[in-house]
Amino acid sequence: MASFEWGLDDVLASTNETFDYTFTEAGQYSVFVSAVSNGGCVAIDTLALSLQLFESQLIIPGCFTPNFDGINDLFTVEAVNLATFEMLIYNRWGELLFQTNSIQPGWKGFSDIGYSYPDGVYDYRINATGKDGQVYERSGSVTLIR
């Protein structure tokens, strides 16, 4: 049986045939692999990686129209490279109507039991952290139009 050795920055990382690794920080990395066949043939390769961390983004719309026409039916944000996310939706009396830790699918303008919230202005609070370390603490209002 063939043998394998995978390394990351000169540290043995795996002896499996394949090796998966998720880089979480920008930087310069060296990945190497050594394989020895059953017949004793040796193959060695090294790969130098330069990884950049891209900036995070958070874009929050001002209104949505949950009328089941397939266009703008959800209140959801556009986000790039977020590590954490929390969205809370309140009515004008400060009652929490919706809460999620997931960007998708977003708020539908309905309660958990199917009550359709009326047209109007609703407050949101969004807390998120980008993979680049950027902290987002946003609050504002979104208009629901049926």
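Worth a mention:
- Evaluated at q = 0.22, 0.27 Å⁻¹, a Debye calculation over the C-alpha positions of region 42-116 (equal weights, vacuum) places log10 I(q)/I(0) at -1.12, -1.39.
- Full-extension gain in nm, residue 91 to residue 111, via 0.36 nm per residue minus C-alpha separation: 6.0 nm
- Length-normalised contact order of the chain in % [C-alpha pairs under 8 Å, at least 6 apart]: 19
- Cα-centre dipole for the chain with unit charges at Cβ (Lys and Arg positive, Asp and Glu negative), debye to 20: 560
- Shape of the chain, Cα gyration tensor, a/c cut at 1.5: prolate
- Estimated inter-spin distance, residue 67 and residue 36, nm [label 7 Å along Cα→Cβ]: 7.2
- Note on residue 11 and residue 134: with the Förster distance fixed at 22 Å, the Cβ-Cβ geometry gives a FRET efficiency of about 0.15.
- P(r) of region 3-51 over all Cα-Cα pairs, binned every 10 Å from zero, in whole percent: 25, 52, 19, 4
All of the numbers you see were taken from the coordinates with simple rules; none came from a lab. What you see is a predicted model; the values in this text were computed from it and never measured. Methodologically, a virtual Cβ is constructed for each residue, glycine included, from the backbone with ideal geometry; neighbour enumeration extends over all protein chains shown.
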